[in-house]
1. Among the helices (runs of 4 or more DSSP H) contained in the range 32-139, which hold 1 or more residues that are modelled with pLDDT of 85 or more?
2. What are the residues in the range 84-103 that are of a type outside the set (Asp, Glu) and surrounded by fewer than 16 Cβ atoms within 10 Å (Cβ to Cβ), if any?
Amino acid sequence: MPDPSRSAAGVLAATVAESPQPTLSGLVRRVAQRDQAAFADLYGLLSGEIGVRVGAQLIDPRQCAAVVYATFVELWRLAPAHADCPDSRAWVHAIADARSRELLRRREMPGRDPWWESFEAVHDSCRQQEFRALAGQLR
């Protein structure tokens, strides 16, 4: 009879059990070193909760997606300066909140110029492209 500890599932389970789960702080430190795999892991861990958080403030799903993308692009840019942040989750949430407030302020400006509307659309599109370039494996 085969030994269950020698099966592929047994070996995989033992490997997963022995592998330490990366902490958010550890992932941020790796992102600060420009580790794209860590960026993908961080996105996988936090994008859902950031989307829910942003969705509570914004109604339009496209705006929510734009804010999530902007949050992670800014995280990539700022990570070297915040690699030793004691609360990485709070830091990422603060970025998302700031991007949400920025978008709300822009959208609520009185007497908005049609040129400004088209500029914002291009700006949001550029942020999405920049995000995709940073995390091409997330598509």
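The values are calculated or read from the model by the stated rules, or taken from the named source; none is laboratory data. Small disclaimer: the values here were computed from a predicted structure and weren't measured. Backbone-built Cβ (ideal geometry, glycine too); neighbour counts: all protein chains shown.
1. Numbers: elements: 36-55, 61-78, 88-107, 114-134.
Answer list for the range 32-139: 36-55, 61-78, 88-107.
2. The first filter runs over the range 84-103 and keeps only residues of a type outside the set (Asp, Glu), leaving 85-86, 88-96, 98-101, 103.
Correct list: 86, 89, 90, 94, 98, 101.
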